[in-house]
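Structure, as structure tokens:
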Amino acid sequence: MKKSSLLALAIVAAAFAGSLPLQAQWQTQSILVKPGWSAIYLHVDAGYDKLDDLVGADLTNPISQLWLWQPSASTIQYVTGPQAPVTSSTEWVPWRRITTGMSSTLTRLVPNGAYLVFSTATTNYMWTLKGKPVAPSYTWATTGENFLGFPTPPSLPPTFDHFLSLGGSLESLAQIYAYQGGDLTSSNPAPVQFFTSTLVNRGQAYWIRAGTYYNNYFGPFTATPQDLVGVDFGDSSSQCTLRLMNPTANPVTVTMQLLPSESAPTNQPDYANVPPVLVRGALITSNLSYGFTNLTVNNTVSWTLPPQGQNGSSQAIVLGLNRYTMSGAPGTLYGGILKLTDSYGLSEVDLPVSAQVASYAGLWVGEATVSQVQAYLKSFQRDGNNNPVMDTNGAYIVTGIDTNLGPTSSAFPLRLIVHNDGSHAYLLQRVFYGSDPGSNIIVTTSEAFLDPAQLGAARRITAVHLPWTPNNTAYSLGGPLTPGALLSTTVTTTYDDQSSNPFLHTYHPDHDNLDATFQVQLAPGQESYGISRAITLNITPPGNDFNSLTQAGQSFSGAYTEAITMTGAGTRVFNVGGAFSLNRVSAIATLTH
């Protein structure tokens, strides 16, 4: 294909997204660019910057043109070979340096893309391109040529015969063309004739045709993340699935390794640390939990996939994030790279893995289970006949009082409603969740802030064990809801609170806190008592199993204690204890009241 023919191709206009910071992991792809024309394939996403800045502004970079191959729906692309395109072809999208005096349609690099590159240098140029690693993604056409590259190892790449030896009929049917550098002519690109000595270089693109044979072999394994952009836990997710598949007739062992991210390019976010990734193990039948492998940096874990079609040739690998060990302000970025290789040394798939430190702001609802109560058991002095001994006043002599917590006959549930605004958590008696008159979803302490027309879709959550107050008192827990926090508050109920004090029964003459004339209010301790409840939530680390460790951030659990002080004629304290759990039901950080 002549240079003049290439420049005369009709171009389809393509719109590319504006410049946005990538929450990505960074990896450098080194690409050999020969003098004249080369064919390259991108395994990283460098779309964070415009080509005019990424390449055009670099005066040491000799690349003057980049042509992205974007095949149309029609698969009839060539008349005789890759050097002779159909004149009406619209599959090429170009970028040119401004100095060439010609316009550009391509503005940013596209990952998993094959390009023709023109270098004005007289010697080989090693183009180092930093971007986000991406999972390989291929579309194979059974008519015409395919322009693509393979995810071979950057160092020690295999030869074509070794690489294609597991590819079934592809090795015998494939016609492969490679660019030699220099001008585009009838012999450039040229057929690859020596499969036993020609290397399948990572980052190099090839024209490949195999007749009507449909090929799904691009390496001895495929790795498909749950999200095609990579393994991104964001600020709330803690588990995701990666599917490994063996497309060959041979068993293959796939090994995963966690690597740190490189430093970020200018004006792009950097990473505080590598995400604490866990790999789920086998089910432990004794407690129905899952074991796990802690995938620390440079640590590895492997899976052997039987040949295609056999049980286990496709496996779902569940990855988790241990948010409990992450530190930093909400939004702090963690990033790394999952490197996957095969036991034949034929391919390397690099996947980005990222996470953000979670904000625990929002509405949390759960339950405390009271299962222990403080005893008040007196021990008395006894004589030789085991009879209680009295003092001179005729009272039995007390030798000790057992005030330890002991188990209750049955557990007692208490609903917990906690709102965390990010800096403070509050215990609530009731909360409302729904739309305001502007159709915004809100969390509020009063129904009055909700849209009356949408009350049917709103929700009210109530903790009936807490005292009702007209203004719906929010009880400060003394700090934010975070891993390891020790939160406490005191809830008081006055002795004459007719709406909430459990000792009062407004229409019962013996429990209405009034004298026989129903006119005079009695003093504390005669019919009712003041109540003060000192509530403590001690958030404890999660259990040492996969599900418990990966759910940190969406659920909290720990020890619940409460000291109940009764005041009237005297004072008496009752201590109870148990456990609690909270689950986040909304991430809305603002409590409207």
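Provide the net charge surrounding A534, with neighbours chosen by a C-beta distance below 15 Å and charges set as Lys +1, Arg +1, Asp -1, Glu -1.
Overall, the nearby charge balance is +1.
Count the net charge of all other residues whose Cβ sits under 12 Å from the Cβ of L170, scoring Lys and Arg as +1 and Asp and Glu as -1.
-1
Among (1) 198; (2) 235; (3) 219, which one is volume of the Cα convex hull per residue in Å³ computed from these coordinates?
Only one option fits the structure, namely (2).
Sum up the charges of everything whose Cβ sits under 11 Å from the Cβ of V318, counting Lys and Arg as +1 and Asp and Glu as -1, but leave V318 out.
Computed value for this residue: +2.
Among V318, V44, rank each residue by its count of other Cβ atoms within 10 Å, from fewest to most, as a rough exposure measure.
By the 10 Å Cβ count, ascending: V318, V44.
Looking at T341, Q257, L319, which one has the Cα that reaches farthest to the positive end of the dipole of the stretch 222-356 (charges on Cβ: Lys, Arg +1; Asp, Glu -1)?
It is L319.
Given the C-alpha centroids of the stretch 442-520 and the stretch 156-206, what is the distance between them in whole angstrom?
The stretch 442-520 and the stretch 156-206 have Cα centres spaced 76 Å from each other.
Which value, in debye to the nearest 20, describes the size of the charge dipole of the chain about its Cα centre when Lys and Arg Cβ atoms bear +1, Asp and Glu Cβ atoms bear -1, and nothing else is charged?
Dipole about the Cα centre, nearest 20: 1460 debye.
What order do you get for W127, W140 when you list them from fewest to most C-beta neighbours inside 10 Å?
Fewest to most other Cβ atoms nearby, the residues stand as W140, W127.
Count the lysine pairs in the chain that are 8 or more places apart or on different chains: how many have C-alpha atoms under 29 angstrom apart?
Counting lysine pairs in the chain gives 14.
Can you give the helix-only mean residue ellipticity at 222 nm for the chain, where every DSSP H stretch with n ≥ 4 adds -39500 (n - 2.57) and the sum goes over all residues, rounded to the nearest 500 deg cm²/dmol?
-500 deg cm²/dmol
Based on C-alpha coordinates, I'd like the Rg and Dmax of the stretch 362-592, in Å.
Spelled out, the Cα radius of gyration and Dmax of the stretch 362-592 are 22.5, 81 Å.
With unit charges on the beta carbon (Lys/Arg positive, Asp/Glu negative), name the residue among N385, A448, S435 whose Cα is farthest towards the positive pole of the charge dipole of the stretch 381-507.
In the stretch 381-507, that residue is S435.
Relative contact order for the chain: what percent, with Cα pairs under 8 Å and sequence separation of 6 or more?
Reported relative contact order: 12 percent.
When Y396, Y324, Y271 are ordered from fewest to most other Cβ atoms inside 10 Å of their Cβ, what list results?
The fewest-first ordering by Cβ neighbours comes to Y396, Y324, Y271.
Considering amide H positions built from the backbone, and no H for Pro or chain starts, which residues 5 or more places from G281, or on another chain, come under 5 Å of its amide H?
Here the answer is G291, F292, T293, since their amide H atoms fall under 5 Å of that of G281.
Rule-based calculations on the coordinates, nothing more; no lab input. Predicted model, so just to flag it, every value in this text is computed and none were measured. Here Cβ is always computed from backbone atoms with ideal geometry, including for glycine, and neighbour counts include all displayed protein chains.
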